[in-house]
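Let me begin by presenting the structure, written as structure tokens, before commenting on it.
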Amino acid sequence: MMKKKSKSYPKSKCFFFCILLLLTLSGCWDWKEIKNISFVSGIGVDLDENNEKIQLSLEVMKAQQINSSGDSGQSSGNSPEEPRFMLNSVGNTVYEAIIAAGNKSSRDLKFTHNLVVILGPKIIRKGLEHYLDFFIYDTNPRPRQWIVVGGNSLEEIFKVKPKIEGVVSMAIAEFMNSDKISYAFEPISLQQFLQILMKEKQSIAIPMIEVEQSSEGDEIVLEKVAILHDRKYADELSLLEFRGAMWLLQRMNSGSVEMKKSNNEWISLRLDNSNSKITPKFEGGKAKIQANVEAEFTLIGSIDEDDHSKHNQMEKLQYQVEQLINEEITAVFKRMQSHNADIYEFTDLFFKRNYRMLQGKISYDEMFPQMILELKVNAKIRQTGRNNKILNL
Amino acid sequence: MIKIFKKLFRRLRAQNSESIIEGSANPLVKNLEQNIRQILLLTGESSDVVYRKFNFGSAKKHAAAIFYIDGLVDEIQINQNVLKPIMKSEIRNSQIADVAASFLPVGYVRQVGSYNEFINGFLNGNTGLLIDGESEALIIETKGWEKRAVNEPLSEVVVKGPHDGFIETLRVNTALLRRRITNPNLRFEKMVIGSKTNTNIALAYIRGVVSEDLLSELRQRLQRIDIEGLLSDGYIEEYIEDAPLSLFSTVGYTERPDVCAAKIVEGRVAIFVDGTPIVNTVPCLFIESFQSPDDYNFRPFFGTAIRWLRYIAYAITTTLPGMYVAIISFHQELVPTPLLLSIAAANEGTPFPVLAETLLLGAVFEIMREAGIRLPRSIGQTISIVGALVIGETTVMAGLVSVPMLIIISLSAIASFLVPDQTESALFISLFLTVLGGFLGLYGVLVGLIIIYLHLAGLRSFGVPYLAPLAPLLPADFKDVLIRAPLWMLNERLRSIFRRDKLRQVVDRQPSKPDGGEK
């Protein structure tokens with residue numbers, strides 16, 4: 001038992017070797033005191049007036065002001081200090097513009113907590129292919145920050161003072177994180193954005209931020225999405241229109257559908273569940289997409305004369321809803337085909353499954369505009385709330 | 001050069017010790033007066049040494065004397081059971097064996113033949129009896145000094161369970177243990193350590209359960225102790241440890257007889273030291289620090305939850321300050337944005353770097369803790385008010401330290417109280433990781449943790465790996481480590497300590513409803 005060590009292990013040597021390794025191999029010398037850092041919350045990238053150089057706008061958070069904005073008891077009569085400040089700069093590349101902006105700040109700028117990148121209207125119209133390098137090569141920005149397109153100029157967007165958040169980029173990030181039922185859009189993170197746009201001829205729908213002017217002050221609104229094709233602006237759709245694409249993108253899990261029956265008759269439906277099955281088929285030298293869309297709704301409001309407790313009335317209503325969804329989907333699909341903007345990634349679906357068969361027969365670029373959509377919509381109104389007529393009360 | 005000094009020192013020490021005990025090893029002589037003179041000489045006529053000469057036997061022709069230490073003896077017992085029977089006796093001869101056999105109604109009487117044995121005998125609280133014409137003397141058990149009542153130990157309070165604790169008297173402590181383990185195999189081995197203090201220590205173990213190798217190793221280590229004064233358990237601990245320079249103690253301790261009994265039944269050895277209520281136990285595993293008697297007195301689920309709370313608390317107290325410093329100084333991207341903004345806002349305007357702030361507040365806390373412990377309880381409360389209100393609040397208001405830092409240090413400090421056995425190690429690990437985290441970030445914290453794990457994995461307590469059953473991995477022992485399994489499931493002895501006689505109770509004793517009980 002109680003064995004004594006047969007030979008002494010050179011522990012001290014080992015320890016000093018470890019310490020040596022610790023000091024020589026460590027890459028963590030980037031020590032920064034938190035009070036000497038300013039955190040950037042939003043990056044706006046656009047082109048200058050001559051459409052040549054990068055115009056960069058950085059929204060930088062003031063931590064103390066953001067935290068004290070909730071303290072109502074500290075009013076000293078003066079208007080509260082803004083919880084952010086802006087840094088604007090110009091450069092040939094995004095990185096150069098960032099360095100130039102950094103020179104205007106007394107503190108080190110950190111991009112690790114950036115929430116939003118806003119692509120300005122000029123830069124998306126000119127094309128993004130030369131300006132994506134910074135986001136690809138620099139490892140500092142978070143892959144989970146959101147990408148949005150600015151409907152107005154960056155100056156106008158960043159001038160807005162959001163009523164709740166106080167910081168524009170935080171307000172935009174809230175739009176992306178929120179789960180509002182009225183919105184039909186998909187937030188795009190930097191990672192998704194780069195994955196799609198690093199390849200040529202790809203299309204993506206990016207939420208578009210606009211400034212709405214009102215008597216109570218400007219406010220940020222999100223009512224459109226911009227369609228980018230081949231890293232360039234192609235079109236923009238209202239969120240209502242974009243819902244037609246969302247059915248096929250299998251992103252419609254909640255939302256509401258307002259249906260106009262006649263001049264003064266409206267039906268409100270809340271979407272409870274939806275599913276779509278996409279089957280690519282290549283028949284007679286043509287690409288065909290078979291899409292079966294199923295949706296379940298709850299009737300939550302009606303301004304009409306019909307008695308929805310009757311079975312035939314409900315069936316009629318379901319048919320009307322199916323027609324509406326069908327029209328929405330077809331309208332957007334055709335519009336996307338006119339731009340050759342395959343935001344659905346149907347072409348990829350064909351080429352991934354039947355690459356050998358399709359090789360040489362049809363080119364990747366030509367497939368989407370010629371694609372045939374066979375659509376079948378099946379809508380069900382499952383619940384009708386506390387409708388007394390239906391419950392026979 | 002060093003060798004020469006060592007030799008010189010050894011010779012001097014030998015000479016010194018010889019001069020002190022000169023004559024004490026000599027045998028007693030038959031002349032009573034000479035014996036008394038010699039004993040008084042050897043004890044330096046110390047004021048607490050009481051001696052009384054008297055005559056006894058028929059015609060009072062036999063002279064005798066008793067020696068005892070004032071305050072250490074039960075004087076009524078001396079009067080009633082020693083002096084009275086002897087003085088009233090009509091014995092004709094004065095042979096010491098006859099006196100011992102016939103006139104001393106005392107439980108324990110021992111015959112000694114040298115001055116050394118005689119003096120040590122009455123110095124321990126017994127009464128020494130010398131009879132003229134006899135070259136031997138008697139040591140009569142008459143101990144009876146003021147002692148503390150058996151109270152609940154303040155350092156190991158339990159909610160449910162026995163509330164008695166060890167006290168400073170060795171015999172009372174061994175009796176408390178014997179009351180719990182009524183087994184002839186429970187053995188107490190007496191040893192005396194301390195050339196000046198002659199402190200009694202006792203090893204307690206159950207023969208047949210304890211490993212003989214462990215016992216012989218422990219005896220050997222104890223015999224190696226050559227110390228002038230042995231005043232408390234800490235002295236023993238430092239001399240018998242496997243890793244004396246480690247942050248971690250490889251000798252367990254307890255003030256509770258139930259804990260001590262449980263450990264002895266599991267096959268450990270307890271070391272009782274006279275004069276201290278703390279009993280050391282060996283071998284000691286790291287995991288023992290996280291076990292409390294309450295774990296076994298409450299439901300197993302609660303026991304398991306509380307045990308995990310202790311694990312988490314130890315992780316918090318050791319790593320939280322280091323992690324905080326590392327993340328705030330190096331890896332701000334790891335913190336969620338709203339939390340980071342709160343921390344950044346709180347740090348605005350504070351004059352010190354985060355690392356300095358941590359070390360400073362940590363030092364302030366240690367100062368307050370030390371002050372709180374040493375002061376009388378009434379003043380201790382004042383200290384906590386000063387600490388909490390004055391230092392805590394005013395430093396934040398003055399902008400000297402940030403609120404999150406205060407929360408981190410307070411949380412780390414409070415968490416350390418959940419594992420009192422590891423408070424000492426936690427303090428140094430926390431400091432070590434904080435400094436590493438402050439200079440090298442999370443990389444430093446991880447390297448620090450690896451160094452600590454390697455050190456822990458290399459530690460042994462009397463041949464048993466200190467980290468067992470985690471390293472080496474012994475899943476069979478996890479029933480009382482990762483969870484606190486119901487007692488009827490803990491069938492096997494700890495494999496970490498035992499390799500044979502694995503079963504400690506009959507398997508399959510899960511309580512159940514009686515057959516047909518529902519009918």
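Throughout, read-outs are computed from the coordinates displayed, never taken from laboratory work. Computed from a prediction, not measured in an experiment: that's the story for all the values here. For neighbour counting, all protein chains shown are included, and Cβ atoms are generated from backbone atoms with ideal geometry for every residue, glycine included.
Overview of results
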{"read-out": "Pairs from A:K11/B:K196; A:K224/A:K361; A:K53/A:K159; A:K163/A:K224; B:K143/B:K196 whose Cα-Cα separation, in the structure shown, is over 27 Å", "value": "A:K11/B:K196; A:K224/A:K361"}
{"read-out": "Rounded D (µm²/s) - chain B, Kirkwood Rh over Cα pairs, Stokes-Einstein at 10 °C, 1.306 mPa s", "value": "57 µm²/s"}
{"read-out": "Total charge dipole magnitude, chain A, about the Cα centre, Cβ charges on Lys, Arg, Asp, Glu only, Debye to nearest 20", "value": "2640 debye"}
{"read-out": "B:E393/B:I450 FRET efficiency (R0 35 Å; Cβ-Cβ; nearest 0.05)", "value": "0.35"}
{"read-out": "In nm, spacing of pseudo-spin labels at A:N51 and A:S214 (7 Å Cα→C-beta vector)", "value": "3.5 nm"}
{"read-out": "Percentage relative contact order, chain B, counting C-alpha pairs under 8 Å, at least six apart", "value": "11 percent"}
{"read-out": "Pairwise FRET efficiency - B:L334 versus A:E223, Cβ, R0 = 25 Å, nearest 0.05", "value": "0.10"}
{"read-out": "Three-way shape call for the protein assembly as shown based on the alpha-carbon gyration tensor, with the a/c threshold at 1.5", "value": "prolate"}
{"read-out": "Label point distance in nm, B:N183-B:E348, each placed 7 Å from Cα along Cα→Cβ", "value": "6.7 nm"}
{"read-out": "Spherically averaged projected area of chain A from its Cα convex hull (nm²)", "value": "37.1 nm²"}
{"read-out": "On Cα atoms only, tilt of B:300-329 relative to the major axis of chain B in degrees", "value": "60 degrees"}
{"read-out": "Charge dipole (debye, nearest 20) of segment A:83-211; +1 at Cβ of Lys and Arg, -1 at Cβ of Asp and Glu", "value": "200 debye"}
{"read-out": "By average C-beta atoms within 10 angstrom, highest first, the peptides B:463-472, B:207-216", "value": "B:463-472, B:207-216"}
{"read-out": "Charge-dipole axis of the protein assembly as shown as Lys and Arg at +1 and Asp and Glu at -1 on Cβ define it, positive-most pick from B:S216, A:P143, B:G448", "value": "B:S216"}
{"read-out": "Mean Kyte hydropathy of 1.0 or more with a Cα span along the axis of at least 18 Å, helices from DSSP in chain A", "value": "A:11-25"}
{"read-out": "Selected from B:L309, B:I483, B:T276, residue furthest toward positive end of dipole (the protein assembly as shown; charges at beta carbon)", "value": "B:T276"}
{"read-out": "Anisotropy class of segment B:293-447 from Cα gyration tensor, a/c 1.5 cut", "value": "oblate"}
{"read-out": "Net length gained if the chain between A:L20 and A:D307 were fully extended (0.36 nm per residue, minus Cα distance)", "value": "95.0 nm"}
{"read-out": "Label-point gap, in nm, between B:R374 and A:K288 - each point 7 angstrom along Cα→Cβ", "value": "9.3 nm"}
{"read-out": "Average beta-carbon neighbours from other chains, 10 Å sphere, peptide B:345-356", "value": "4"}
{"read-out": "Between helix B:403-416 and chain B: long-axis angle, C-alpha atoms, 0 to 90°, nearest 10", "value": "30 degrees"}
{"read-out": "Listed residue (B:L154, B:T142, B:L433) projecting farthest to the positive dipole end of the protein assembly as shown, Cβ model", "value": "B:T142"}
{"read-out": "Amide proton proximity set for A:R231, modelled H, under 5 Å, gap of 5+", "value": "A:Q202"}
{"read-out": "Dipole magnitude of segment B:164-311 about its Cα centre (Cβ charges: Lys, Arg +1; Asp, Glu -1), debye to nearest 20", "value": "520 debye"}
